[in-house]
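Here's the structure, in structure tokens; my notes come after.
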Amino acid sequence: MSARLLQPLRISLVQGATRWHDASANRDYYGALVRSLKGQSDLVVLPETFLSGFTNDTLANAEVMDGAGLRWLRDLAREVGATITGSLVVREGDRCVNRLMWIRPDGTQAQYDKRHLFRMAKEHERYAGGNERLIVELNGWRICPQVCYDLRFPVWLRNRYDRVANRFDYDLLLFVANWPSARRHAWRTLLRARAIENLCYCAGVNRIGVDGNELHYAGDSAVLDFLGQPLVELGFQEQTVTLTLDPIALAAHRERFPAWMDADEFAITP
């Protein structure tokens, strides 16, 4: 594992106040924040539904895969020379999904449709859910990007060790979110739990401000190490921050504390 992770990973958190139902304004707003990171980062992380806010007015605010929002995101990744990720409301035929996009600076991309839909806000009535977990690679790191409510489901997120391939599923677990401040204790606690139990770095990016549903967001974006200790924690304000993840420290912890060797075997059904 230490031989595979050859490079430290520079990760940037972009914690902003998403404009409600205004994709053009959000492209301008987040574009300026991301451009300030040009040349400084390998991976730039935006919040969940960063072009619209977390909305149930899906059809009026949905992007399409060949539309302006995705073209802008691909151009931005190329311009800043970094991979950019965050989720969008995307329409495909007669259904909408909460889709995390993974946009590389060379123009290639990957995607993950949020599996766990937040029924308390009736997300499950207006969005279709995904059933395939995404693992992507960047600078030798294996990364598992997820969306908001997925954070509450540890079985879906379990980091297994593949004895044939001699590797873990992932080294960094990543969440993009619109997580209201009323439940900020759960957000902060579960990010730490996911890092500890999965022997990995864990990062979460949340928005700030008040949305069109009068929900308040406290930010609390953070990066935790494999012990659940914060490497950086953001407060309530608009903020971008970049830090470097150390692969050597991660490898040493996994060798020193091999809890994965006692893990239970299981399978996840669609």
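Could you work out the helix-only [θ] at 222 nm for the chain, with each DSSP H run of four or more residues adding -39,500 (n - 2.57) and the total divided by the number of residues, to the nearest 500 deg cm²/dmol? Walk me through the intermediate numbers first.
Values: 7 runs with 63 residues, N = 270.
Rounded to the nearest 500, the figure is -6500 deg cm²/dmol.
Out of the DSSP beta bridges found with both residues in region 9-261, what percent are antiparallel (nearest 5)? Show your work: numbers first, answer last.
On the way: 36 of 54 bridges.
Of those bridges, close to 65 percent are antiparallel.
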**Prompt:** If R0 is 41 Å, what FRET efficiency do you get for Met261 and Leu6 from their C-beta distance, rounded to 0.05?
**Reply:** 0.95
**Message:** Charges at C-beta only: +1 for Lys and Arg, -1 for Asp and Glu. How large is the resulting dipole of the chain about its Cα centre, in Debye rounded to 20?
**Reply:** 160 debye
**Fill in**
Charge dipole of region 206-270 built from unit charges on the beta carbon (Lys, Arg +1; Asp, Glu -1), centred at mean Cα; most positive-end Cα among His253, Phe266, Gln229 is His253
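So how strong a dipole does region 89-182 carry about its Cα centre when Lys and Arg Cβ are +1 and Asp and Glu Cβ are -1, to the nearest 20 debye? Spell out each step's value before the answer.
Values: 16 positive and 12 negative charges, 54 e Å.
With Lys and Arg at +1 and Asp and Glu at -1, about 260 debye.
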**Asked** What is the extension gain from Lys122 to Val155, computed as 0.36 nm multiplied by their sequence separation minus the C-alpha to C-alpha distance, in nm to one decimal?
**Response** 9.6 nm
**Asked** How many angstrom lie between the C-alpha centres of region 52-100 and region 186-242?
**Response** 22 Å
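List the trypsin sites (Lys or Arg not before Pro) within region 21-110 that DSSP assigns to loop and that have no more than 14 neighbouring Cβ atoms inside 10 Å.
Details: sites: Arg27, Arg35, Lys38, Arg71, Arg74, Arg78, Arg91, Arg95, Arg99; in loops: Lys38.
The qualifying sites are Lys38.
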**Request:** With springs connecting C-alpha atoms under 10 Å apart, model the chain as a Gaussian network and identify which of Leu245, Leu173, Leu88 has the largest mean-square fluctuation.
**Result:** Leu245
**Request:** Provide the convex hull volume over Cα atoms per residue for the chain, in Å³.
**Result:** 123 Å³
**Asked** Picking from Tyr161, Tyr201, Tyr149, which is most flexible by a Gaussian network model of the chain using Cα springs under 10 Å?
**Response** Tyr161
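Summing +1 for each Lys or Arg and -1 for each Asp or Glu, what net charge is found among the other residues whose Cβ lies under 14 Å from the Cβ of Leu59? Please list the in-between numbers first.
Working: positive: Arg91, Arg95, Arg126; negative: Asp57, Glu63, Glu92, Asp94, Glu125.
Local net charge: -2.
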**Complete:** If one builds a Gaussian network model of the chain from Cα atoms under 10 Å apart, the most fluctuating residue listed among Glu233, Glu214, Glu63 is Glu214
**Message:** Which residue, Ala77, Gly16, Leu43, has the largest displacement toward the positive end of the dipole of the chain when charges sit on each Cβ (Lys, Arg +1; Asp, Glu -1)?
**Reply:** Leu43
**Item:** Integer Hz, Karplus 6.51/-1.76/1.60 couplings in order for region 7-22, x for Gly and Pro
**Value:** 10, x, 10, 8, 10, 10, 9, 10, 9, x, 9, 4, 6, 6, 6, 9
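How big is the charge dipole of region 30-149 about its Cα centre, in debye rounded to the nearest 20, if each Lys and Arg gets +1 on its Cβ and each Asp and Glu gets -1 on its Cβ?
On the way: 16 positive and 15 negative charges, 34 e Å.
Dipole about the Cα centre, nearest 20: 160 debye.
Where a number appears in this text, it was derived from the coordinates with a stated rule and is not lab data. This structure is a prediction, so every number in the text was calculated from the model and none was measured. Glycine also receives a Cβ, built like all others from the backbone with ideal geometry; neighbour counts cover every protein chain displayed.
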